[in-house]
Amino acid sequence: MAELAPFEHTAMDDIAPTCAKVRATFLSHKTKPIEYRQQQLRKLYWAFKDNEALIKEACKRDLGKPSFETYLTETGWCMNDCIWMANNLPRFAKDEAATDIPWTNKPLRPRIRKDPLGAVLIIGTYNFPVQLTLLPLIGAIAAGCTAVVKPSESAPHAAVVIAKIMRESLDADCYTCIQGAIPETTALLDQKWDKIFYTGGESVAKIIAKKAAETLTPVTLELGGRNPAIVTKHANPKLAARRLLWAKTLNAGQVCLSHNCTFVDREILPAFIAELKNQLRDFYPDGPRNSPDYGRIVNARQFQRIKKMLDDTNGKIVIGGTMDESDLFIEPTVVQVNDMNDSMLTNESFGPLLPILPVKDLDEAIKIANEIHDTPLGTYAFGSKSEMEQVMAQTRSGGASLNDGFFHGSIPTMPFGGVGTSGQGAYRGKASFDTFTHRRSVTTTPAWLEALMDVRYPPYTLKKQKS
Ligand code: NAD
């Protein structure tokens, strides 16, 4: 297996010329032919395949990610997406006949062209470092855009592999990777873009949206968390515990869609907690620390942030609680909290903390969930059919999984995105193509129609006005 090269920041002086080159290539129309885009996607597929072992190694080093999780959530997904997109691209890119056209306008043959937006900037984050950076790139390539990609510096090994994959497979005049942190991203934001696609936290999203607003550059923002899970007294405690535990232990809880708090009906609380204990033993018979199937926190800064949430809580730890900074290990930790102002609920844990707030009934759970965050990225509900529908009817969120934790987010062809402060815009499947595409309305007025169009020309005689 090839060795992982060290992470190096791109020289600041190279940023503006690189972006100018990518823009110039877009303006040369090189990326317009569908066959060219398909060829780039297929080459990207093979680069994923060739570098599969290296991606696994990088994700292991960055996040202690189990290699099966890396396959499921990073390489496998990206490879499938390249092929799926290449195969479906002719269908997506074809002109669409416009619908609901008045019969008088039909001779104009109204249609919608699918034009690429232009040169785009994609800024990635660290938790699924490959997938969250390169799935948007697949959409940009498919749409016919050129792109600069900025992986997260918090997952430096994955960032190195991303650059390698792009270098080995893609046309360097069109698609380029810039490495760096805040200074490099700031320099990138100073360049001219036709779209900025950002995945990460809310506070940086505000910086990006503000900067983009100066030039009216459109943005897609894929943001975070503080998602509610609700378990009613009619839920199956074993099923709810198993599924919610899975959604908190995958990637050691570093999942934007993960539930940040679970509101549990008091009647079912003891059974639910007992089942969490059982399921945890079932997942990790020798304990999560000794398991090859449990990841680590990305770095010491995030470790300290999560630890502080646990230090600040007024709740009671009912499962777990151990941690070791030297190994960036945090045990899956269940905390029973007393009120909605607890630090565990007001912050996004983005880690393996599972606070539980006991509630008297479903109405109270919905009320509190809405007060904490009325537009989270995901909502999860366990209970009877009508209770789950009540949750859907009385809450808002980017997406939702009923009778599960964030499973809706694993369907590669379903649009994925937030609402309100959890994000704007969506991607994945056809939505990835759409997010980098301008739907351009086009008509063609036939010469023969002139005889019927006299009415639109001045002078607006009385005869014309009455016609
Ligand atoms: P991060 O530290 O990796 O930052 C994200 C990106 O922003 C990086 O590329 C980084 O270089 C850049 N950045 C950081 N500070 C910046 C600044 N001041 N100016 C310009 N760019 C800057 O990750 P993070 O922000 O800590 O990510 C965690 C958050 O991301 C969580 O809230 C999580 O819920 C959210 N997230 C959302 C999704 C989604 O798809 N909706 C996916 C994963 C994570």
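No value in this document is a laboratory result; all are computed from the given coordinates. The model shown is predicted, which means the values in this text are computed figures rather than measured ones. Backbone-built Cβ (ideal geometry, glycine too); neighbour counts: all protein chains shown.
A few notes on this one:
- Taking Cα centre as origin and charging only the Cβ of basic (Lys, Arg, +1) and acidic (Asp, Glu, -1) residues, the dipole magnitude of the chain rounds to 1800 debye.
- Note, ³J(HN,Hα) from phi for segment 376-393, Karplus 6.51, -1.76, 1.60, rounded to Hz, x at Gly and Pro: x, 6, x, 9, 10, 9, 10, x, 6, 4, 5, 5, 5, 5, 4, 4, 5, 6
- Once backbone amide H atoms are built at 1.01 Å from N, Thr10 has Gln179, Gly180 as its partners under 5 Å, excluding neighbours fewer than 5 places away on the same chain.
- Rounded D (µm²/s) - segment 118-231, Kirkwood Rh over Cα pairs, Stokes-Einstein at 20 °C, 1.002 mPa s: 149
- For segment 174-242, alpha-carbon Rg and Dmax in angstrom: 18.9, 55
- Segment 371-467 - Kirkwood radius from inverse mean 1/r over Cα pairs (Å): 17.9
- Stokes-Einstein D (µm²/s) once Rh is taken as the Kirkwood radius of segment 16-119 over alpha-carbon pairs, at 10 °C in 1.306 mPa s: 93
- Legend: Rg and Dmax of segment 110-171, from Cα coordinates, 13.2, 49 Å.
- Comparing segment 219-366 with the 2.2 N^0.38 Å rule of thumb, its C-alpha radius of gyration ratio is 1.00 (two decimals).
- Pairwise inverse Cα distances across segment 1-73, averaged and inverted, put the Kirkwood hydrodynamic radius at 15.3 Å.
- Each of His157, His29 was scored by other Cβ atoms within 10 Å of its Cβ. Arranged with the fewest first, they read His29, His157.
- Rounded to the nearest 20 debye, the dipole magnitude of segment 346-467 is 980 debye, with +1 charges on Lys and Arg beta carbons, -1 on Asp and Glu beta carbons, and the Cα centre as origin.
- Links that overshoot a 28 Å alpha carbon limit, given the list Lys30/Lys192; Lys164/Lys195; Lys21/Lys150; Lys60/Lys248; Lys32/Lys210; Lys164/Lys248: Lys32/Lys210; Lys164/Lys248
- Hydrodynamic radius of the chain per Kirkwood, over alpha carbon pairs, in Å: 24.0
- With the convex hull of the Cα atoms taken as the outline of segment 55-115, the averaged projected area works out to 6.5 nm².
- Projecting the Cα atoms of Ser384, Leu216, Leu257 onto the charge dipole of the chain (Cβ charges, centred on the Cα centre) puts Leu216 farthest toward the positive pole.
- This model, with +1 at the C-beta of Lys and Arg and -1 at the C-beta of Asp and Glu, gives segment 183-341 a dipole about its Cα centre of some 260 debye.
- Our analysis of segment 317-440 gives Rg over Rh at 1.03, with the two radii drawn from alpha carbon positions and Rh computed by the Kirkwood formula.
- Ordered by the count of other Cβ atoms within 10 Å of each Cβ, fewest first, Lys233, Lys56 give Lys233, Lys56.
- Bridgeable aspartates and glutamates around Lys385 (alpha carbons under 14 Å apart, same-chain partners fewer than 8 residues away excluded): Asp404.
- Counting Lys and Arg as +1 and Asp and Glu as -1 over every other residue whose Cβ lies under 11 Å from the Cβ of Ala229, the net charge comes to +1.
- Computed over the chain, the per-residue total of -39500 (n - 2.57) for DSSP H runs of n ≥ 4 gives a 222 nm mean residue ellipticity of -12500 deg cm²/dmol, rounded to 500.
- Angle between the chain longest axis and helix 300-312 axis [Cα atoms, degrees, rounded to 10]: 60
- Subtracting the Cα-Cα distance of Ile411 and Arg439 from their residue separation scaled by 0.36 nm leaves 7.6 nm.
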